[in-house]
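The values are calculated or read from the model by the stated rules, or taken from the named source; none is laboratory data. Remember, predicted model here, so these are calculated numbers, not experimental data. Here Cβ is always computed from backbone atoms with ideal geometry, including for glycine, and neighbour counts include all displayed protein chains.
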Amino acid sequence: MPAVLFDIDGTLTDTNYLHVRAWRLAFTSCGEDVASARIHRMIGAGSGVLMRELLGEERKDVKDCWREEFDRLKAEIAPFPAAADLLRAVSGLGIDVVLATSSEPADAEALVAALEAGDAVAAVTHAGDVDEAKPSPEVFEAALAKAGCDTDDAVVVGDTVWDVEAAERCGLRCVTLLSGGISRAELEEAGALAVYEDPAHLLADLDRSPLARLGRR
């Protein structure tokens, strides 16, 4: 079966700014003043990539503080409107839905639970399936392996330039959403196949989207 590999944070759940808050608080607690806007630019990349870009090095104290802060914010995890309906609609086209995240297993579990669409999900990836997070292509390679299909029969749906880059590095096309806070121009410049406002917009246009074309092959 063909497959759609969905990023979760910022794509299906309104969590990008929770991550910004958690990192901002972590940096401040560790004596670093990093603007929220700079942090937001890096959300979607792996924590090591984020810290090297913003601090010049990876720091365990900062990562540990982020962990504590994000755990406190987990109660605020919420899906975007129509996210669950989108997953069920894609599954209804005869396409496997794979949730592709490199979050820690407990975080991935919380994200999937918030979506309340487990009946439509064929597989889920998490940090235990990969050695490196985006922009490494490993998360999508792992998702492809779980789906049991090749790149010609799959499309990624994400919300950041990191999703587009990771997808391209393993030969996948990437449809993007603006719901993560990255501009249309940046996503198109990165190579996005198509850009939609949010899950509800993609659902409304599903029959004309690159996703539906997978189901018609």
Would you mind listing the strands (runs of 3 or more DSSP E) fully within segment 138-217 where at least 1 residues are touching a Lys or Arg at 6+ places or on another chain (Cβ under 6 Å) and not polar (S, T, N, Q)? 154-158, 194-196
Here is a list: A89, A114, A108, A122. Which entry is in the same structural domain as V155 (by TED's automatic domain parsing) and in contact with an Asp or Glu (Cβ under 8 Å, 6 or more places away or on another chain)? A122
Condition first: in a helix (DSSP H, G or I) and either over 26 Å from V156 (Cα atoms) or touching a residue at least 60 places away in the same chain (Cβ under 8 Å) (or both). Can you find one or more residues in segment 1-15 that meet it? no
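Quick grid of which residues meet (1) surrounded by fewer than 18 Cβ atoms within 10 Å (Cβ to Cβ); (2) under 24 Å from L18 (Cα atoms):
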site	(1), (2)
D119	yes, no
G128	yes, yes
F140	no, yes
V156	no, yes
A166	no, yes
D198	no, yes
L202	no, yes
P210	yes, no
L214	no, no
For K74, only one of the following conditions fails: (1) buried (at least 16 other Cβ atoms within 10 Å of the Cβ); (2) within 19 Å of the chain's Cα centre (by Cα). What is its number? (1)
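Go through A37, A89 for me and flag whichever is out of contact with any Pro (no Cβ under 9 Å at 6 or more places or on another chain) and more than 20 Å from A200 (Cβ to Cβ).
When all the criteria are applied, what remains is A37.
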Residues that are farther than 17 Å from D7 by Cα and surrounded by 13 or more Cβ atoms within 10 Å (Cβ to Cβ), drawn from segment 37-52: R38, I39, G48, V49, L50, M51, R52
Residues satisfying the stated conditions in segment 104-137, i.e. of a type in the set (A, V, I, L, M), out of contact with any strand residue (DSSP E or B) (no Cβ under 9 Å at 6 or more places or on another chain) and outside any helix (DSSP H, G or I): V130
